[in-house]
Structures are given as C-alpha cells and as structure tokens.
Amino acid sequence: MIPGVDRRSIEPHGDARGSLRELWRASVQPFEPRQAIVSASVAGTLRGMHVHLRQADLLYVVNGRLFIALLDLRSDTGPKDELWLDPNESLIIPPGVAHGYAALEPAVVLYLLDHESDGSDELGFAWSDPEAAIGWPVRDPILSERDRTAGSMRAARALVRDRLT
C-alpha cells in the first residue's frame, strides 16, 4: 500500500431492521472532516485522475463497487495501487496521491474531506496516460470535459513535487 493511504474494513452490524456501519472514528483514524460530498455515477463512468496538494479524502462506497487507481506523485518513482472497493471498506487518500475510479455498475460515493474544497488545490492528468499504465476495466468510459482534456502524468507529478517539497 502507498504510504499514507489507509484502507479499512467496515463491519456491518445488523439486525431485523437493517444494518449500521461505523465509517470513521477520530481515535482510530487521525482525520478531521471539514466537508462531505456525495457523488453518484452511472455504469461506465470514470472519474480521474485527480490529486490534491493540501486535502486528504476519506472515500466510502455507499452503494455499488468501484475499481480504484492510486498513484503516489510525491516522488519520481512513486508506487501504484489498483483495487476494488465496496461498502465493506473505506480509503483515506493523502495529499500528493493521485486517484481515480471507474464504476462498472451504478455507484454512490461519500467523500469526507479534511479541507473545504474550492478547486485551487486540485490537479489532474489523463486517465489513459500510458506512463501511468492503469489497467482500467472500461474501454470507452463516460468522462467529464475536464477528465477528457487533462494533461500528462509527468506534468502533474512535476507540479506536485514542486509544490509539496
């Protein structure tokens, strides 16, 4: 796992009424939420690749299942992780770690952010950058205009290294 990324199991506690899941506890995860965002994606959506300079994200899949790609841009040879995430886990993504996800089925994602988002903190690069070599499980994804026209991973890495060091 990439340094600073925290993947946690979330055990459901159920009874005849349904279930309860504890997403976050301050005494266990040193993370102070300042904003919450809910994102709904249709099947075939790909969001990313994005990276923050100050903000950490706690990502939780409320409904569905996601393929998630993580690339550490804090060094020239930062590690990469590719994983599947569903409602049984959460993921904290620190500043400097690029992330994106593909929804092969409809999915709802809850983000808790440790800084209020205003866009000044976010960079990105093309989801299909050959240097990133991500094994996306979608061939022709639904993309935002920003993700469709994003630059190179090499340029994003240089900006992250310049601003975080």
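The values are calculated or read from the model by the stated rules, or taken from the named source; none is laboratory data. On a predicted model such as this, the values are computed, not experimentally measured, just so you know. As a convention, Cβ positions derive from the backbone with ideal geometry for all residues, glycine included, and neighbour counts pool all protein chains shown.
Where the second residue is of a type in the set (S, T, N, Q) and modelled with pLDDT of 90 or more and the first is under 28 Å from Leu70 (Cα atoms) and in a loop (DSSP other than H, G, I, E, B) and lies in region 1-28, which pairs have Cβ atoms under 9 Å and are six or more apart or on separate chains? Cβ pairs passing all conditions: Ile10/Asn88; Ile10/Ser90; Glu11/Asn88; Pro12/Ser19; Pro12/Asn88; Arg21/Asn88; Leu23/Ser90; Trp24/Ser90.
Against the criterion of being within 30 Å of Asp162 (Cβ to Cβ), in a strand (DSSP E or B), out of contact with any Cys (no Cβ under 9 Å at 6 or more places or on another chain) and not small (Gly, Ala, Ser), Met49 qualifies. Among residues of region 71-84 that are more than 18 Å from Ser128 (Cα to Cα) and in contact (Cβ under 8 Å) with a residue 24 or more places away in the chain, those with a beta-carbon under 7 Å from a residue that is surrounded by fewer than 15 Cβ atoms within 10 Å (Cβ to Cβ) and of a type in the set (A, V, I, L, M, F, W, C) at least six positions away or on a different chain give the pairs Arg74/Leu164. With the condition kept exactly as written, say whether any residue in region 143-158 is closer than 22 Å to Asp81 by Cβ, among the aliphatic types (A, V, I, L, M), surrounded by 14 or more Cβ atoms within 10 Å (Cβ to Cβ) and in contact with a Lys or Arg (Cβ under 7 Å, 6 or more places away or on another chain). Taking every residue of region 143-158 in turn, none turns out to be closer than 22 Å to Asp81 by Cβ, among the aliphatic types (A, V, I, L, M), surrounded by 14 or more Cβ atoms within 10 Å (Cβ to Cβ) and in contact with a Lys or Arg (Cβ under 7 Å, 6 or more places away or on another chain). Exactly one residue among Asp15, Asp76, Asp81, Asp57 is of a type in the set (Asp, Glu) and within 18 Å of Trp136 (Cβ to Cβ), and that residue is Asp81. Scoring Gly135 on the criteria (1) touching a residue at least 24 places away in the same chain (Cβ under 8 Å); (2) loosely packed, with under 13 Cβ neighbours inside 10 Å; (3) farther than 25 Å from Ala43 by Cα leaves a single failure, condition (3). Number of residues in region 1-30 that are basic (Lys, Arg) and surrounded by 10 or more Cβ atoms within 10 Å (Cβ to Cβ) equals 3.
Matching residues to (1) touching a residue at least 24 places away in the same chain (Cβ under 8 Å); (2) assigned to a strand (DSSP E or B); (3) surrounded by fewer than 20 Cβ atoms within 10 Å (Cβ to Cβ):
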{"site": "Glu32", "(1), (2), (3)": "yes, no, yes"}
{"site": "Ala36", "(1), (2), (3)": "yes, yes, yes"}
{"site": "Val61", "(1), (2), (3)": "yes, yes, no"}
{"site": "Ala98", "(1), (2), (3)": "yes, yes, no"}
{"site": "Tyr111", "(1), (2), (3)": "yes, yes, yes"}
{"site": "His115", "(1), (2), (3)": "yes, no, yes"}
